1. Just for helices (runs of 4 or more DSSP H) wholly inside the stretch 514-596: which have at least 2 residues that are in contact with a Ser or Thr (Cβ under 7 Å, 6 or more places away or on another chain) and at pLDDT 90 or above?
2. If you scan the stretch 546-570, which residues turn out to be surrounded by 16 or more Cβ atoms within 10 Å (Cβ to Cβ) and of a type in the set (Gly, Ala, Ser)?
3. Have a look at HIS392, HIS369 and point out the one that is in a helix (DSSP H, G or I) and not hydrophobic (A, V, I, L, M, F, W, C).
4. Would you mind finding the one in CYS120, CYS79, CYS53 that is under 30 Å from SER216 (Cβ atoms) and either not assigned by TED's automatic domain parsing to the domain that holds ALA594 or not basic (Lys, Arg) (or both)?
5. Return only the number of the condition from (1) outside the structural domain of GLU462 (by TED's automatic domain parsing); (2) modelled with pLDDT of 95 or more; (3) of a type outside the set (Gly, Ala, Ser) that ILE275 does not satisfy.
6. Output the number of residues of the stretch 400-414 satisfying the condition of being of a type in the set (Lys, Arg) and surrounded by 17 or more Cβ atoms within 10 Å (Cβ to Cβ).
7. Select, from GLY207, GLY226, the only residue that is small (Gly, Ala, Ser), under 30 Å from LEU564 (Cβ atoms) and surrounded by 15 or more Cβ atoms within 10 Å (Cβ to Cβ).
Amino acid sequence: MQRTLTVLNVAEKNSIAKQVSAALSNNSAARANSCSNYNPLFSFPYALSGTPCEMVFTSVAGHLMELDFPEPYKKWHSCSPLELYGAPVVKYVPQDKKAIERNLKEQARKCQWLILWLDCDREGENIAFEVIDVCKKANPRLVIKRAKFSALVKRELERSVHNLGLPDENLSKAVDARQEIDLRIGASFTRFQTLLLQEKFNWEEHGIHDERPVFSYGPCQFPTLGLLVQRQWEIQAHVAEPFWYIYAMYRAPEGQSCVLHWQRDRLYDHVIATILYETCVEAPTATVTKVDARQKLRYPPLPLATLSLQKEAITHLRLPGERMMKLAEELYQEGFISYPRTETDVFDPAYDLKALVREHLNDARWGQHAQRMDSGEMWAVPRGGGHDDHAHPPIHPTRWSAPDANQGWQPDKRRLYEFIVRSFLASCSKPAVGFETQVEVAIAAEAFRTTGLMVKERNWMEVFPWARWGGNDNLPVFSVNQTFMPTELLLKEGMTHAPPKLSERDLISAMERHGIGTDATVADHIQKQLDRGYAVKDAAQLFAPTPLGEALVASYHKMGLSNLWQPTLRGAIEHNITEVARGLRPKQAVLDEAVQHFRGDYIAAAGKQAMMMEEVGRFFGPRAGGGGPGEAAGALPPGEPIGACASCGLYLMLCKPAEETPFVACSGAPLCRQRVYFPRPTQTADISNQPCGTCQLDRGGLRKICFRLRRAAIPPGFDAEMVACVLCDQRFKDLCEACGTARPAGQRGRGGLGGAVAGRGQGRGAAPRGAARANGRGGQPGRGQRRQRDSDDEEERGRPRGRGRTAPRGRGGGRGSNARGPHMCPQHGQPCLVLISNSAGNPGRAYLRCAHPSEAQGCLDFAWEDEWNGQGGRTEARGRAGNMGHGPRGAGRQQHGGRGNAGGRLMNAATGLPLDANERSCFKCGQNGHFANVCPN
C-alpha cells in the first residue's frame, strides 16, 4: 500500500495560509493549534499531480531571522565604529520568533515535502530560504518546492499549486547583500553621529525633547533627505528677478475669445521689451500665419505598478504612500486585488483580462462601462510601460466588492479599491478623441500662438473621473492670412519664483529616477524622514527638512563627502544588487565594493569631526555643561600624525594645545578614546625621524617622540632629553609613573592613562603592562592619591578593575600593594587607602591609611606598606606626631623606632629628613621638613 505523502506548506502570514487552504480545500480545511499561538495549522487531503497527499498549512510572520553583529560588537562603546566594516555578522532567529521556529521544526519532522507560499518578490524569496534553513535542520531529506502566485483567488492558487518550481537563491542573496550593507553602514554612521553630537548641543531649541537623542543614518534614508535639503537650498538661494512680456487677447464678434502667447515668452531686459512692445503698438494689426487642425488622442493610463499607484493615490486620493501601501496589503490579503508590490506595468498577452472585467458587469458605479468593454465597443488592449519583473502582473482587481459588502471598510480603503478598479477598466478602454487647433499669429515682427481643443469622445475618461483633458473649447474660427485687431495689447511685468517644495509624488519620482530604494521600500524611506525628525510635511502635503536634517546633510556637504547624502553611490549599489538578483554578479563582490566605498567615507568623516561640530553649531546652541565646537567638546587641537591607531585605523596625532603639555590622541576622538599623556616635567615634545621597531610595523610603523624635560623635576637615573616610543618604551612608562602625567584642562577627570594608550589602544584587554595609574582628577600618582583607574567607557563603569604595575619602590622598597590582595583595616574590615609618598626622602614609597570617613585618625592613621603587619597603625609616624620632645607639640611622648628614628634624632617618617627647629614647614599640615607642594598628608 502506497504511503500518503505529507506536505508542509508555509505562508508568509497566517491570513494568507488561511486564504490559500480555504481556496484549495473548498473551505473544508481542519484548523488545529500549534506551539505558536498566532500560527495555527490547517490540514486537508489533496491530490498533487494525481498523487494523494495530506496538505498541512502553517505560516511565519514576515522575516523569521535577523541579521546583526555578535555580542562583542553590539554595544556602542565595545568597539570603534570603523571596526563594524570588518566585524562578523550572524543571522539568527530572535527570541520572539522561537515559537514559530519550533512549530516549523515539529511539522518538518512529520513531512516529506515543503512547499513555500511566500510572497513572490526578493524579500519573500529571502524568507523562503530562512524557512528552508530551519526546516532542513529538523529534516534534511525534505523535498523543496516553490509556489508562485499573484492573487489570492481560487483559479490563481490552483494554477500555482500544479506548476510548482524551485526557490531562486539569487534573489535571496540580493536581499542578504542589501541587509548587510545597510547594517554595516547604518550602524557605523549612526554611532558616529550620535556619540559625537548627542551631549553637545541644546536640541530642545528646535523641538527635540529627548534627553539623549539617537541620530540615525541609513544609506537610503540620507540620500532621500539629501533631495529635500537640496531643494531647500535651491529655494533659499533663489533671488527674485523681474521680467517683462507682451500680453495680447482677442475676443471675436461671435463671443469666442483666446489669449495670444508671445513666442519669446519673457525678457529680462526692460528696455528691449519696451522697444518690442512699442513696435507692436505702432502696427497692432494681427495676421494669421498658420492654422493646424487635427485629431488628437489622449491615451489611457498604463497598468498600475507599485510606484505609479503610490503617485496616483497621493495626487488623486491625498493618501500618504505608507498609508496607501498598508491598505493595499489588506485588500490583497482579503483577495480583492493582486499583489501590490510589483515593478511590472505590462500585462502578459495570455492573461484573461476580460474575465476580470466580467466580475464588474453588475456594479452600479462602473458596470455600464464594463458592459460596453465586454461587448467590444469600448475594449482596447492595454498599453505596456516596458517594465516587467517576471514575478507579478500589474496591480489589478481580482474580485468584485459590492458597495453594501464593503461597508465595514474604512473610507480610505473603499476609495483605494475604487481607484484600482477604475484605473484597471480605464487602462483596457479606448483612447479619448479630441480635435485640436493650433494657430500662429504675427503682430508687427513678433510671433504669437494660441491653441484650442474640443473633446469629441471621452471613452476611458468616462470611467476615470480624476482625468482632466481639454483646452480652450471656445476658440474663434481662424483662417490663414486673416487679419484682426487684438482686443488687448499690454506690456506686463512679472517676477521669477523659487522652485516649489517637493510633494510626496515629486519625491517618489526623484527616488525612482535615482534608484533609491525599491518599489516596496520607497514609502518607508519617506516616512522615516518624518519619524526621525529630519523632515516635516505641511498642510499642503509639501516636504521640508528640519534644522536637524539640514544640519546633518550640511555637515557631510562641508566635509566634501557627497556619497553620504547624494543619490549617486546608492543608485550604483542598487544597480549592483539587481545584478546579484539576476545572477550576473557574485554577492560577495558587490558587498565588498559597497563596504569599501563607505569605509573610506567613514575614515574621512571621522577625521573631519570638527567640521560637523561647527556646522551643527550653526543650527543649535551648546548644551549647558556639554560644550560645543572646540576642544572641550571632543575636538582636538592642531597636531601631526605619528602613525596609525591600532583601534580604529585612523591616525595617532601629536597634539600641542596652547600653553599646555602636549599629548598623543587619535584623530577619531571623541569616538575613539585612544590617548597618551606625557610626564608632567615635559617642556617640549616633537616628532623624530626614528620609527619604532616594534609597534605597528604592518601599518608603516610608529614614529618616536623627542622629549625635553625639566631636569630639576625628574628623578635620578632619567635624562633631560630622551627619544621614546610612547606605546612600548618602558623608560617612558617608568617616568610617567614616577612623575605623574599632565593633561589638558578640558580632559581632566575623564579617566585615561599616562604613558600608555587610554581606552582600547591595544585591543579590548587590560591596559599595557607598566601603564601609569590614573585618578579622578587627572591621573597623577605621587601626591598621596588613591590607586584607582577611571573607565573611559560608560558601559564599563562599575565593573571591578585589576591593578596596574605598582609604583617604583623608594629607599625601603615596597612589596607592591597587590602582592597579597588588598590590605584590610583590622577595625573596620574594609580595604585601606594605599597612598604614595613623593618626598625626596621616600620617593614612590607606599603607605596605608584607614578609609573610614570619620574614624580614620583613631584607627590606622599611618603605616608604611612594606612594614605593616596587618595588626594596627602607627599614628605617631605622621608629621604632627614626629615632632615629639621639641617644643610644645607632643611633649613627653615617646618616639617609636623604625624609619622614623635615626641615631636618636627625631625624623619625619614620610620624608626621612631630621626635624630641626629651623626646618622648613608646610602651611597645610604644619609639619616641618617639606613644603605644601609635596605634602604627603
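The values are calculated or read from the model by the stated rules, or taken from the named source; none is laboratory data. All values reported here derive from a predicted model rather than from experimental measurement. As a convention, Cβ positions derive from the backbone with ideal geometry for all residues, glycine included, and neighbour counts pool all protein chains shown.
1. On the way: elements: 522-531, 547-559, 567-581.
The qualifying helices (runs of 4 or more DSSP H) are 522-531.
2. Residues satisfying the conditions are GLY549, ALA551, ALA554, SER555.
3. Details: HIS392 fails: in a helix (DSSP H, G or I).
Just one listed residue meets the conditions, HIS369.
4. Details: CYS120 fails: under 30 Å from SER216 (Cβ atoms); CYS53 fails: under 30 Å from SER216 (Cβ atoms).
None of the others qualify; the one that does is CYS79.
5. For ILE275, the exception is condition (1).
6. 1
7. After ruling out the rest, the residue left standing is GLY226.
Every residue, every condition in (1) closer than 17 Å to ALA313 by Cα; (2) within 14 Å of the chain's Cα centre (by Cα); (3) free of Cβ contacts under 8 Å to residues at least 60 places away in the same chain, yes or no:
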{"residue": "HIS497", "(1), (2), (3)": "no, no, no"}
{"residue": "LYS501", "(1), (2), (3)": "no, no, no"}
{"residue": "ASP506", "(1), (2), (3)": "yes, no, yes"}
{"residue": "ALA520", "(1), (2), (3)": "yes, no, no"}
{"residue": "ARG532", "(1), (2), (3)": "no, yes, no"}
